[in-house]
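Notes follow the structure.
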């Protein structure tokens, strides 16, 4: 009898201990897995933020470098070319009576120099959109399309409601501008289109950029699935990731392509940290 | 006949519940079509076989005939099918191989234990429960369950473990085998005609946790989604 009681107690204790262990294991798995997942999520967020920061830094560096090159072109090459032009003008006055051949060479040199000055000016403007900094998105886009219309046989139209909208932060404006540039360039390069329509709408929350063309279009799903996205499309997505923006591509039934980008509004701060204007060097304070 | 069954149900309500509660997970697996998952298919087969064996045992118990032979037959079937579920759930090949080897070795061990406890097979009246096989089965199953939990924690593939059907199945198995581990070898001495040891209420513990595990199997299967499984 005593042995049976002892056995019962021993069995009861052992069974209870095992049962407690089983409950503990189940609870442990439930909570530990949840904690691990939340940690993993946090880690992914940190990694994502870090990637975003890297991307942001890379794009900032690119813009800074563009600005520096533009500034050097304007200040150094531009000045030198202007001085050369002055010198040539003076020289041309001196050789007026030298002969027809000399005069022709002089005129040709002057014309080439004029052309070079124009090229340098164009490159400088392409490198840094000064109109964007001075007058905002709508003006910069208008300038961009007017230049394109000069060089291509294209019909470009631009609609916007940005007259009353406040200026956006430098980063957001530059992002929208660069995306627009990339989308339009893609349409010209790949879609064989004859018409491009750009639509820019800004409300209190979101900036909407719609670029539509009447070209051959493309299947965005196929491009994503087959990893065919070139640097252009990836660049657009990278730029948008930094400003929490999104982009969708559509292939309308009637043909062509529609790219629809949305970016949250970030109004410009009162003071601008770094001007885009390439022609102003900071004065050294002595 | 029915009076005998009713009388047995009244005398042994806990044991009777553990027989008929098996119907719940069977119906749920069928209703949720969970058998499209190979692991749940094995569970389904096991539950049907278990129900058949339990009904036969229930019948013999109600007419006071030794039914331990059917219990013993059920032990290797149970281990083969339940550990087979883990064969499909384990990611690493070494564990899959381990499960297959363990099934083979366990069946050999069971045969030895079966013959060791019952030297005279023709004496069905005094047929006894296997002595060590159930304990070994409990140990092995606990090992596979813990290994699966470890794999789940490490892999972090499941966003919410509470909505993962197999977690509930494993929880049921863990609870059942944890309580059976120490009681199982004693049952060989309690479930016999002569000189039996009385362990009182503890004798019902395997039945209670068998019923709990059946409910947990039912819960796990209820949250099984064919659409989710297809997406995986």
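In this structure, residue A:48 does not qualify as away from chain B (no Cβ under 14 Å), surrounded by fewer than 13 Cβ atoms within 10 Å (Cβ to Cβ) and farther than 29 Å from residue A:234 by Cα. For residues in the stretch B:172-193 being more than 8 Å from chain A (Cβ to nearest Cβ), assigned to a helix (DSSP H, G or I) and modelled with pLDDT under 90, which is nearest to the chain's Cα centre (by Cα)? Ranking the qualifying residues of the stretch B:172-193, first place goes to B:184.
Which of the residues spanning the stretch A:182-198 are in a strand (DSSP E or B) and surrounded by fewer than 16 Cβ atoms within 10 Å (Cβ to Cβ)? I'd like the intermediate steps shown before the answer.
Let us first name the residues in the stretch A:182-198 that are in a strand (DSSP E or B), namely A:195-198.
Correct list: A:195 only.
Scanning the stretch A:29-44 for residues that are exposed (fewer than 13 other Cβ atoms within 10 Å of the Cβ) and facing another protein chain (nearest Cβ under 9 Å) yields a total of 1.
Criterion applied to A:25, A:96 was being more than 30 Å from residue A:173 (Cα to Cα), in a helix (DSSP H, G or I) and more than 32 Å from the chain's Cα centre (by Cα), and the one residue passing it is A:25. Quick check on residue A:56: is it loosely packed, with under 14 Cβ neighbours inside 10 Å and either outside the structural domain of residue A:170 (by TED's automatic domain parsing) or in contact (Cβ under 8 Å) with a residue 60 or more places away in the chain (or both)? Judged against the criteria, residue A:56 is not a match.
Answer yes if at least one residue in the stretch B:112-122 is in a helix (DSSP H, G or I), under 19 Å from the mean Cα position of the chain (by Cα) and surrounded by 13 or more Cβ atoms within 10 Å (Cβ to Cβ), and no otherwise.
Residues of the stretch B:112-122 in a helix (DSSP H, G or I): B:112-117.
Filter once more, keeping what is under 19 Å from the mean Cα position of the chain (by Cα): B:113-114.
Imposing the further condition that a residue be surrounded by 13 or more Cβ atoms within 10 Å (Cβ to Cβ) reduces the set to B:113-114.
Looking for residues that are in a helix (DSSP H, G or I), under 19 Å from the mean Cα position of the chain (by Cα) and surrounded by 13 or more Cβ atoms within 10 Å (Cβ to Cβ), one finds at least one in the stretch B:112-122, hence yes.
Conditions tested, residue by residue: (1) away from every other protein chain (no Cβ under 14 Å); (2) part of a helix (DSSP H, G or I); (3) surrounded by 13 or more Cβ atoms within 10 Å (Cβ to Cβ); (4) at pLDDT 95 or above.
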| position | (1), (2), (3), (4) |
| --- | --- |
| B:130 | yes, no, yes, no |
| B:140 | yes, yes, yes, yes |
| B:144 | no, yes, yes, yes |
| B:158 | no, no, yes, no |
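The set of residues in the stretch B:146-155 being more than 24 Å from the chain's Cα centre (by Cα) and surrounded by 13 or more Cβ atoms within 10 Å (Cβ to Cβ) consists of B:153 alone. The set of residues in the stretch B:57-104 that are under 19 Å from residue B:123 (Cβ atoms) and assigned to a helix (DSSP H, G or I) comprises B:57, B:60, B:61, B:68, B:69, B:70, B:71, B:72, B:73. Starting from residues that are surrounded by fewer than 17 Cβ atoms within 10 Å (Cβ to Cβ) and within 10 Å of chain A (Cβ to nearest Cβ), keep the ones in the stretch B:194-208 and report whichever is modelled with the highest pLDDT. So, considering only residues that are surrounded by fewer than 17 Cβ atoms within 10 Å (Cβ to Cβ) and within 10 Å of chain A (Cβ to nearest Cβ), the one modelled with the highest pLDDT is B:201.
The values are calculated or read from the model by the stated rules, or taken from the named source; none is laboratory data. Since the structure is predicted, the reported quantities are computational estimates derived from the model, not experimental observations. Positions of Cβ are generated from backbone atoms using ideal geometry, with glycine treated the same way; all protein chains shown enter the neighbour counts.
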